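The structure under discussion appears below in the form of structure tokens.
No lab work stands behind these numbers, since they all come straight from the coordinates. Worth saying up front: this structure is predicted, and the values here are computed from it rather than measured. Glycine also receives a Cβ, built like all others from the backbone with ideal geometry; neighbour counts cover every protein chain displayed.
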Amino acid sequence: MAVTVPQSIAQASDYIREIGEHQRDITRIEAAMNDELAGIKERHESQAQPLKQRIESLTKGVQIWCEANREQLTQGGKTKTAALPAGEVAWRTRPPSVRVTGAEAVLDMLRKMGLDRFIRPKTEINKEAILNEPAAVANVPGISIQQGEDFIITPFETELSEVR
């Protein structure tokens, strides 16, 4: 890719104006693409919707039948999978999970009940404090403070005012 370098403030300003024009063109192209994609997606989703509803209905029906015939299908509970001519059905027990609502209240209650073993203390490096006192950690191996510089071009833009 050949790079042309402006030779004056006026030329640099022209380049920035052109960058802004191209960015707006890209935005228009992306908007048109998204409009087309939205239409395509909507059309295909509407075609698939009756099929999804039928699958859901058939699945519920098969599940009701299987639950009613579970003893026979699982050989009295010996298996969790049953092979049918067109496919198989299976019952799987999900692993237990813990659900906590009102975490602060639960933490307080665990502390009051002496169940601290169910509370996990979290120890982590306080990066904000390091940024406030970089000299204090200057000789600590594994800590480095990095700062970069970005070059940013922001073309001026304005919006049209409403004409009355």
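Taking the criterion of being touching a Leu at 6+ places or on another chain (Cβ under 9 Å) and β-branched (Val, Ile, Thr), the only residue of the range 63-80 that qualifies is THR79. Restricting attention to the range 126-145, the residues being loosely packed, with under 10 Cβ neighbours inside 10 Å and among the β-branched types (Val, Ile, Thr) number 1.
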